[in-house]
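A short worksheet on the structure shown next.
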Ligand code: XLS
Ligand code: NI
Ligand code: NI
């Protein structure tokens, strides 16, 4: 190993205090007929782990990685080598990247594509040798100054065309590498002020762009799942894919719903004023839950801090939705998470992923047990029992109307409500988490 010196991380069980060992992630464990490893398809995010350097708006990078002694294409190759070493060390089966994470931009789009081709070729070989798969790729249409007014929603048609060329190439990459999914995250697809914005044209153009992507994927035989990753703001003030409900309405309105699912990110949910489990539930009940970006925000901060997920309530309730969804299909659990600026040692990358994987393993165990015992299902069934008989049944079967319901209400039957028992339910949840 050239970049990481640790031996592959192994499972040492719940009493281990070794930061470089799993205490809960044990892929072969089975609960309620489900195998942990099948539900926990972990993925490493290339951008946070191999290209980020800890810089923030106030200060330069704090991280000196082993591969940073190179530059240009040599750096891209060194990162690739480091990436596959880390995947092997962690035992993670998937990864994700933006086109510009893996290869540098050249002076022209042609040169940029040539750089990309060379790295993608090497990547393909590494994937074959290691068995590691591409969960998804995407196009970075937010960093370069050309995207200052947006990408597919730019006021400048030349930018729209450039983006089309970029996503065309990204879909060819996806096809070549057998990506399971292709993601659209619209960091610059939104607006800053209505005073200079044609909101209708921008949204129509975004839909046109996505239809072109769907058509081209079909043309080249790319059969991965298309995903939209909602986020309410940052970098743009008003982003068009605000949250799960907004993204689904957009897909519905423009006839794209059959071609897309959602990639939901925990920190984006909280920025939208939702819990992560809310976003997952909204998508799940509409058959639109595709994949997740696993991270967490800081409740005291109003931006996308992309921390590694360690909050067990969230991992448990997220896994609860994922298990009820019968897994994520082609999707997975991508650690769109970065180590803190002060966690600048290379081994922190390993410890952080181990912490995230273990937190999701704990969540999986607690959720699988909750579902096996039908804890909340029984409570919910009882709570809505009035809709399974009598007048409630007539309502859900479409046999009631305002007149029949008025007659029922006028009959004078007293309304009796019972407690929602929320505090007791929370303590039950605690018991399940504590007993993993
Ligand atoms: C940024 C997004 C981004 C997407 C991929 O907030 O989470 O990282 O996951 O473009
Ligand atoms: Ni993300
Ligand atoms: Ni994010």
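Assorted remarks:
- Helix 346-372 vs. the chain, principal-axis angle (Cα, 0 to 90°, nearest 10): 20
- Most to least packed among 170-178, 276-284, 196-204 [average Cβ atoms within 10 Å]: 276-284, 170-178, 196-204
- Once C-alpha pairs closer than 8 Å and six or more residues apart are averaged by separation and normalised to the residue number of the chain, the relative contact order reads 16 percent.
- In region 1-157, the DSSP beta bridges split such that about 25 percent are antiparallel, to the nearest 5.
- Based on every Cα atom in region 75-208, Rg and the maximum pairwise Cα distance Dmax equal 16.5, 54 Å.
- Overall dimensions of region 213-335 as given by Cα atoms, namely Rg and Dmax in Å: 14.4, 47
- With both labels modelled 7 Å from their Cα along Cα-to-Cβ, the residue 16 to residue 435 distance reads 2.6 nm.
- Axis angle, to the nearest 10 degrees, between helix 199-220 and the longest C-alpha principal axis of the chain: 70 degrees.
- Three-way shape label, region 81-155, alpha-carbon gyration tensor, a/c 1.5: prolate
- Cα shape, the chain, gyration tensor, a/c 1.5 rule: oblate
- Crossing angle, helix 422-434 versus the chain [Cα axis fit, 0-90 degrees, rounded to tens]: 40
- Viscosity 1.306 mPa s, 10 °C: Kirkwood-radius Stokes-Einstein D of region 310-436 over Cα pairs, µm²/s: 86
- For residue 301 and residue 381, the difference between the fully extended length at 0.36 nm per residue and the C-alpha to C-alpha distance is 25.0 nm.
- Bridges between two residues of the chain, per DSSP, are antiparallel at a rate of about 20%.
- Förster-model FRET efficiency, 41 Å R0, residue 233 and residue 400, C-beta, rounded to 0.05: 0.45
- MRE, 222 nm, helices only [DSSP H, n ≥ 4, -39500 (n - 2.57), over the chain, to nearest 500]: -14500 deg cm²/dmol
- The tail of the calculated P(r) for region 221-284 beyond 16 Å holds 42 percent of all Cα-Cα pairs.
- The alpha carbon radius of gyration of region 266-378, expressed as a multiple of 2.2 N^0.38 Å, is 1.08.
- Fraction of alpha-carbon pairs over 22 Å apart in region 20-156 - percent: 49
- Among 40, 410, 289: highest mean-square fluctuation, GNM of the chain, C-alpha pairs under 10 Å: 410
- With a simple spin-label model that places each label point 7 Å from the Cα along the Cα-to-Cβ direction, the separation between residue 215 and residue 6 comes to 4.8 nm.
- Antiparallel beta bridges, as assigned by DSSP with both residues in region 161-294, represent about 15 percent of the total such bridges.
- Cα gyration tensor, region 135-175 - rounded (a/c under 1.5), prolate or oblate: prolate
- Estimated at 0.36 nm per residue, the fully extended path between residue 149 and residue 245 surpasses their Cα-Cα distance by 32.1 nm.
- Length released on extending from residue 252 to residue 56, taking residue separation times 0.36 nm less the Cα-Cα span: 66.8 nm
Readers should treat all values here as calculations from the given coordinates under stated rules, not as data from a laboratory. This one's a predicted model, so the numbers in the text were calculated from it and none came from an experiment. Cβ coordinates were reconstructed from backbone atoms using ideal geometry, including for glycine residues, and neighbour counts include every protein chain displayed.
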